[in-house]
C-alpha cells in the first residue's frame, strides 16, 4: 500500500507525533484506519496534558482548539506514569468511553512511547511500560440466524439488485471486512479464489462457494453492460456514479434491506454480517477454530475464539438428551 506523505504529515501536530505516524505507515505498514485512530488518541492526549500541566491556563478554553504544535522533546521527557493514568481517567469521563475504547488509548500510548524510547531515542525511560490495559469483559458476537440470513437475502430488490445481492452474499458466506469488500478488484479474482488486503496491509486468500460464484456471475453481467461508464475499471463493486463503492454506501444499503426484511437495522452492521458468516461456518460447517482464524484473517486465535459461543447450544442439547431429563418426580 502506498501512502500519501502529505496526508500523513499534519502541520497541526507536533513533529514527534508526525514522525511516529509516518513510521507506522511506511515502516510498520499500518492501515490508514489504524493511523487515524492513533492520531485521534494522541492528539487528545497532548491537549489533555497542556490543560493538566497548566500550560493552558483557561480551563474553559474549548478543548478541540488547544494548539499542540509547540509540544517539544523537553515537554515529552517530563511525562510520567501518573500523567498517563490521569489521561485514561480523563478520557473515560470526557467521552464516557467503554473498556474497548480505553484499551485502544492504552495501546496508542504504549506504542507511541515505545517508539520514542527505542526508535526516536527521545526518552531514556519508557513511562508506559507499567501502563495496564483495562479488563475487557467477553461479549458474544451479535449475528443473524440462518433463517434471518435467508430472509435478508430475499429482501434484496431494486435497481442495484444484482450488485447488492452479491455484496450481502459475500458478507454472509466469506466473513470479509467492510474495507476488504470495498477494495476488491476484478483482477484479484481467479476462478473460485479472491485475494483481499486486510488489516495491517496483509494479503489474504478467500475461497468463493457456489452461492458467491453465482451471485458474482449475475452481477458481472449487469456491471459490464455499463462498462464504458465505469471510471475505475478494476473495481468490482461500483456506485451509482460509476466509481468504486464506498463504505457508507454499503452501510446505508444494508440498513435499507434489513428494514425491508423486518430485521433490526440499528442492531446489525456489515461487521455483524462478518460475525454471522463466522458463526454459521463454525456451527454448521464443522470448521475448526484454527481454520476459521485463517478464513477471517485474525492475527491471534484468541480473537477467533469468541465464535465458540455456539458450543453452549450443543452443551444445552446434550443435557436435554439425557434420558433422565423427562423423568417425573414421585
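The values are calculated or read from the model by the stated rules, or taken from the named source; none is laboratory data. Note that the coordinates shown come from a computational prediction; the quantities given were computed from them, not determined experimentally. Ideal geometry is used to build each Cβ from the backbone, glycine not excepted, and the neighbour counts take in all protein chains shown.
Tabulated results
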| read-out | value |
| --- | --- |
| Enumeration of residues in the stretch 30-60 that are farther than 20 Å from residue 105 by Cα and touching a helix residue (DSSP H, G or I) at 6+ places or on another chain (Cβ under 8 Å) | 55, 56, 59 |
| Among the candidates 97, 74, 18, residue that is part of a loop (DSSP other than H, G, I, E, B) and either modelled with pLDDT of 80 or more or surrounded by 13 or more Cβ atoms within 10 Å (Cβ to Cβ) (or both) | 97 |
| Subset of the stretch 223-255 that is surrounded by 16 or more Cβ atoms within 10 Å (Cβ to Cβ) and in contact (Cβ under 8 Å) with a residue 60 or more places away in the chain - its residue that is nearest to residue 188 (Cα to Cα) | 237 |
| Residue satisfying all of: in the stretch 36-46; free of Cβ contacts under 8 Å to residues at least 40 places away in the same chain and buried (at least 19 other Cβ atoms within 10 Å of the Cβ); nearest to the chain's Cα centre (by Cα) among these | 39 |
| Matching residues, the stretch 178-201, being closer than 20 Å to residue 272 by Cβ and modelled with pLDDT under 90 | 196, 198, 199 |
| Tally of residues being touching a strand residue (DSSP E or B) at 6+ places or on another chain (Cβ under 9 Å), more than 20 Å from residue 178 (Cβ to Cβ) and in a strand (DSSP E or B) across the stretch 189-216 | 1 |
